[in-house]
Structures are given as C-alpha cells and as structure tokens.
Number of protein chains: 2
Amino acid sequence: MNDKTGKFAYEGIDRVIHEKARLSIVASLASHAEGGGGVLFGDLKELCSLTDGNLSRHLTVLQEAGVVEVKKSFKNNRPQTWCRLTVSGRKRFTEYVTELENVVADALKMQKERSGKVGWFPV
Amino acid sequence: MNDKTGKFAYEGIDRVIHEKARLSIVASLASHAEGGGGVLFGDLKELCSLTDGNLSRHLTVLQEAGVVEVKKSFKNNRPQTWCRLTVSGRKRFTEYVTELENVVADALKMQKERSGKVGWFPV
C-alpha cells in the first residue's frame, strides 16, 4: 500500500448510473423534471435515442435500484407513462457527477502537463 | 424528430473506455505514461484497485480495441509487463473526456436552474 493505491479507482462511479443508456436516461430526467411532474416515456425515448425495449429494460434496473419512479396515468383515455428521479436518485446522480468532474480534472491535468512535450500526445 | 432528439444520447461516450474498470485503466495510463515507457502491470493494478484477473481481462478488451498495447520484458531475469495507450487510444480518451465534460456541463446547468426553487433537489 502506498499513496498511489486506488488513485484512479474512481470509487464514486455508481455503476447503476454509469452505464451509457442509463446515464442518458438519468441526465434527461434530471434536466427535464420541472415541477415534479417527470418526463413522458415517449419524450424520454427521443431524448435518449433509445428503442422502446432498451428504455423499458434500463428503466426497470433504475426502478429496482430506487433511482427512478414510474407512474401510469390517462389523458383523453390514452395511457401515459411518466418517469422521474426519486430524491435519492437525484442525490446519487449529483454524487456521480462530482466523480465525473474528478475524471475530467485528472485528464485535463495530464493534457496540460504533456503539452509542449515530445511524446504520444496528438496536438 | 425535433430539436430534442438524442439531446442526451451522449453519442461520444465510447463504451470500450466508459466501462468503470477500463476507464480507471485508461485514465491511469494517460496520467502516468511519461517518456513513452508505459506503466507496469503491478503498478496499474494498484492505481486501479483491480485484481490480477480483472485487470488482465479488461486489458485484453482494450488491446483488442486498439486502445492499449502491452509489452513483455525482463529485469534481473524477472518478467515484466508494460502497458501503455496507443496513439489512437490516447485520441479516443481525449474525445471521450470531451463528452464527459458535456455530461458534467448539462448536470451543472440543471443544478443552477433549480437552485433556490422548491423541488426535489437536495441542497
């Protein structure tokens, strides 16, 4: 064990949120949930460029993890599916983004240190 | 199709690099590859807090994708395994980090818009 142990382990990366499609879903919900109403399934599909099947599958994972809640309602006798982040899901996303900021900061630090040096780094 | 289509799809997220353990490996290599020499397998294991098996498995995926190259050598008659990013791997990581910056920017924008509002967002 030394001071480098786990330096790049990024323990704050929550795998439930990190998966590409789920990150897309959670970021959409975080950005569009004004007034607590949530986002319609169809709009979410569009924002994330996901198929019905993929969106459903990942929403189930997020629901089971307590990150997202889903509510069914009716409008003009047509069923509607609303999705939104739970309070805990929003908190987890905030913590996740903080860790992403660390990844970005490490990468930018490395770029800065390498700039001007002869090496692999493409300018 | 409207202006929201794919707004949160984050197409620039490269799944080869995005997976948590591989992100850890690639970030370590990007930050520690001074002079073109690369990082020893044992040091990489420590930086990423990965087991031998997990590190080997993910290095294979990264090698097959052309992101990482691995070289065996000897020091005092003991085998050494060196790992480093390829030129293309470094470029892909730079592009990936640019997309992460977009994720972070979207999330921070959302936090700013919600601050001071009554809602789910925990302060």
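Every number here is computed from the coordinates shown, using simple stated rules; none is lab data. This is a predicted model, so every value here is computed, not measured. Here the Cβ positions follow ideal geometry from the backbone for every residue, glycine too, while neighbour counts run over all protein chains shown.
Before moving on, here are some points about what is shown:
- Semi-axis lengths (Å, descending) of the ellipsoid that matches the C-alpha gyration tensor of region B:1-116: 35, 15, 12
- Using the Cβ of B:Leu47 as centre and a radius below 10 Å, the other residues enclosed give a net charge of +1, where K and R count +1 and D and E count -1.
- If the segment from A:Ser56 to A:Asn77 were pulled out straight at 0.36 nm per residue, it would be longer than the present Cα-Cα gap by 5.3 nm.
- Take B:Asn54, move 7 Å from Cα toward the beta carbon, and the resulting point lies 2.7 nm from the same point in each other copy, nearest first.
- Under Stokes-Einstein, with the Kirkwood radius over Cα pairs as Rh, the value for region B:53-113 at 25 °C and 0.890 mPa s is 174 µm²/s.
- Take every Cα pair under 8 Å whose residues are at least 6 apart in sequence, average their separation, divide by the length of chain B, and the relative contact order is 26 percent.
- Net charge, B:Asp14 excluded, C-beta distance under 13 Å - Lys, Arg +1, Asp, Glu -1: +2
- Ascending list, in nanometres, of distances separating the A:Gln111 label from those of the other copies (7 Å, Cα toward Cβ): 2.0
- Rel. contact order, % - alpha carbon contacts under 8 angstrom, at least six apart, region A:39-93: 35
- Under 11 Å, Cβ to Cβ, from B:Val61 - net charge with Lys/Arg +1 and Asp/Glu -1: +1
- For A:Lys71, inter-copy label distances in nm, listed shortest first [label point 7 Å out on the Cα-Cβ vector]: 6.1
- Too-long pairs where the Cα-Cα distance tops 18 Å, listed order kept, from A:Lys112/B:Lys109; B:Lys20/B:Lys109; A:Lys45/B:Lys4; A:Lys4/B:Lys75; A:Lys45/B:Lys112: A:Lys112/B:Lys109; B:Lys20/B:Lys109; A:Lys4/B:Lys75; A:Lys45/B:Lys112
- Folded to 0 to 90 degrees: helix B:52-64 orientation relative to chain B principal axis, Cα: 80
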